[in-house]
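Taking it in order: structure first as structure tokens, then the write-up.
The values are calculated or read from the model by the stated rules, or taken from the named source; none is laboratory data. Since this is a predicted model, take the numbers as computed values, not measurements. Here the Cβ positions follow ideal geometry from the backbone for every residue, glycine too, while neighbour counts run over all protein chains shown.
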Amino acid sequence: MATSWVSSARAGAAERELIPKKFPFPPNDQFGNYEPTITGDGNTIYFARFAAAGDKRVKTTDLFVTHRIRQSGEWPGSNGDWTVPERLPDWVNSDAMDLEPRISPDGGTLHFMSTRTGGHGATDIYVAHKQPNGEWTKAENLGPNVNSQYVDHCFMPSGIPGQENVSVFISIRPREPGAAPSPDVYTSTLERGVWQPAKRLDSKVLDSIGFKCRINAVAKDGLVLGVASVHDFGKFHKMVFLRYDPSTNRWKGPIVEAPFNLPNVDGACPQFTADGDKMIWSSGQDRGPGPISGSDGSGSVYDLFWLKTSDVVAYYRAKARLT
């Protein structure tokens, strides 16, 4: 009984304290940072930026990078501990929309979504590799095993233990010939350097989540936590939490909304550090309502935030009433 009381007290405290923590300036600045991804050492962040925010270097939406240059203090540091964000070169970025970066833990491989011409569909997944001299190779289309003639985006690591070579992404394609396109989760496995043909992830729980645009997972404190990013009525993003059951290989509820979701304010699309210790994402919570992402480079100004994954897991356990 004493143990149960202590566990409940800790879970309740975590629920009350699940308040997003803001990154310093830079990398946050007047132009904003969207959809961050972080290297395994926690010292390099890639993100997207909208032209409408006022950065004259941005063509439509472009990918940027910032480095932590003073690493002696507590992560993520203080103002001035990170470099001023730099735009990635034109052979990675394009004149079209380039969004949703995903950097590998070693910092050598960058996947992202682009609407550039020459792809298979409206949006495709691309990849670039960092060379020994530090320069990036020209971005290449990931190919028809992943990309379709429809919308394919948010190519993320599975995050589920035992699925280290599996990626999940969202594709708005028909489930069968003649059917209407629907936003579903697909998976692809990397085998001998080649991404295998995508398969739709069959899950009633994931299907019950509305217009989802990203799914992330992380194993922490005895739980495989899932975070789904959802378009709120097709407009602003919000986060919901769920869980994966390794014993049944199934996603399960209950589905719990993040307590920091705000009406008409974008705040979602997180990624986890390689060790699963922290969750980082972008949000307009200190900026207020603003325009959403558009093909013309429109979008709001967002800041980078983070939380300890253990705190998020404790919050979910408490809300889901898991022992």
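Among the listed residues A268, A228, A274, identify the single one that is assigned to a loop (DSSP other than H, G, I, E, B) and within 14 Å of the chain's Cα centre (by Cα).
So the residue among A268, A228, A274 that is assigned to a loop (DSSP other than H, G, I, E, B) and within 14 Å of the chain's Cα centre (by Cα) is A274.
If you go through the stretch 105-116, how many residues are under 22 Å from V194 (Cβ atoms) and either of a type in the set (D, E, K, R) or free of Cβ contacts under 8 Å to residues at least 12 places away in the same chain (or both)?
The qualifying residues number 1.
So is A53 modelled with pLDDT under 95, surrounded by 21 or more Cβ atoms within 10 Å (Cβ to Cβ) and among the hydrophobic types (A, V, I, L, M, F, W, C) or not?
So A53 passes the test.
Can you tell me which residue in the stretch 303-322 is farthest from L225 (Cα to Cα), limited to those that are crowded, with 19+ Cβ neighbours inside 10 Å and more than 21 Å from the chain's Cα centre (by Cα)?
Among those that are crowded, with 19+ Cβ neighbours inside 10 Å and more than 21 Å from the chain's Cα centre (by Cα), it is A318.
For I69, indicate whether it is aliphatic (A, V, I, L, M), touching a Ser or Thr at 6+ places or on another chain (Cβ under 8 Å) and surrounded by fewer than 14 Cβ atoms within 10 Å (Cβ to Cβ).
In short, yes.
Filter the stretch 47-57 for residues that are not in a strand (DSSP E or B) and not basic (K, R); which is farthest from H111 (Cα to Cα)?
G54
On the given criteria, is S188 hydroxyl-bearing (S, T, Y) and in contact with a Lys or Arg (Cβ under 8 Å, 6 or more places away or on another chain)?
It is true that S188 is hydroxyl-bearing (S, T, Y) and in contact with a Lys or Arg (Cβ under 8 Å, 6 or more places away or on another chain).
Would you mention how many residues in the stretch 234-276 are touching a residue at least 60 places away in the same chain (Cβ under 8 Å), of a type in the set (D, E) and touching a strand residue (DSSP E or B) at 6+ places or on another chain (Cβ under 8 Å)?
So the answer is 0.
In the stretch 14-38, which residue that is exposed (fewer than 14 other Cβ atoms within 10 Å of the Cβ) and not in a loop (DSSP other than H, G, I, E, B) is modelled with the lowest pLDDT?
So the residue we want is R16.
May I ask you to list pairs of residues, at least six apart or on different chains, whose Cβ atoms are under 9 Å apart, with the first in the stretch 199-215 being surrounded by 17 or more Cβ atoms within 10 Å (Cβ to Cβ) and the second being assigned to a helix (DSSP H, G or I)?
K212/L206; I215/L206
Got a sec? Which of G162, G143, G178 is modelled with pLDDT under 95 and in a loop (DSSP other than H, G, I, E, B)?
Of the residues listed, the single one that is modelled with pLDDT under 95 and in a loop (DSSP other than H, G, I, E, B) is G178.
Just need a number here: residues in the stretch 104-125 that are surrounded by fewer than 22 Cβ atoms within 10 Å (Cβ to Cβ) and either over 19 Å from G299 (Cβ atoms) or of a type outside the set (S, T, Y) (or both).
Final tally of qualifying residues: 13.
Only residues that are surrounded by fewer than 17 Cβ atoms within 10 Å (Cβ to Cβ) and of a type in the set (S, T, Y): list them for the stretch 72-103, please.
S72, S78, T83
Can you confirm whether S300 is among the polar types (S, T, N, Q), touching a residue at least 24 places away in the same chain (Cβ under 8 Å), assigned to a strand (DSSP E or B) and crowded, with 20+ Cβ neighbours inside 10 Å?
Here the answer is no, as S300 does not meet what is asked.
Only one of these conditions is not met by V168: (1) crowded, with 18+ Cβ neighbours inside 10 Å; (2) outside any strand (DSSP E or B). Which number is it?
For V168, the exception is condition (2).
Which one of the conditions (1) of a type in the set (S, T, N, Q); (2) surrounded by fewer than 22 Cβ atoms within 10 Å (Cβ to Cβ); (3) touching a residue at least 24 places away in the same chain (Cβ under 8 Å) does N141 fail to meet, given that it meets all the rest?
(3)
For the stretch 233-248, name all the residues that are of a type in the set (D, E, K, R), more than 14 Å from the chain's Cα centre (by Cα) and buried (at least 17 other Cβ atoms within 10 Å of the Cβ).
Within the stretch 233-248, R243 is the sole residue that qualifies.
Select from the stretch 88-140 the residues that are on the phi > 0 side of the Ramachandran plot and not in a strand (DSSP E or B) and write down the one among them that is nearest to the chain's Cα centre (by Cα).
Checking each candidate, the answer is G107.
Restricting to the stretch 58-79, name every residue that is part of a loop (DSSP other than H, G, I, E, B) and within 22 Å of R102 (Cβ to Cβ).
V58, K59, T60, W75, P76
Hey, L190 hits all of (1) assigned to a strand (DSSP E or B); (2) crowded, with 18+ Cβ neighbours inside 10 Å but one; which does it fall short on?
With respect to (1) assigned to a strand (DSSP E or B); (2) crowded, with 18+ Cβ neighbours inside 10 Å, L190 is out only on (2).
Taking P157, is it of a type outside the set (S, T, N, Q) and farther than 19 Å from R102 by Cβ?
no
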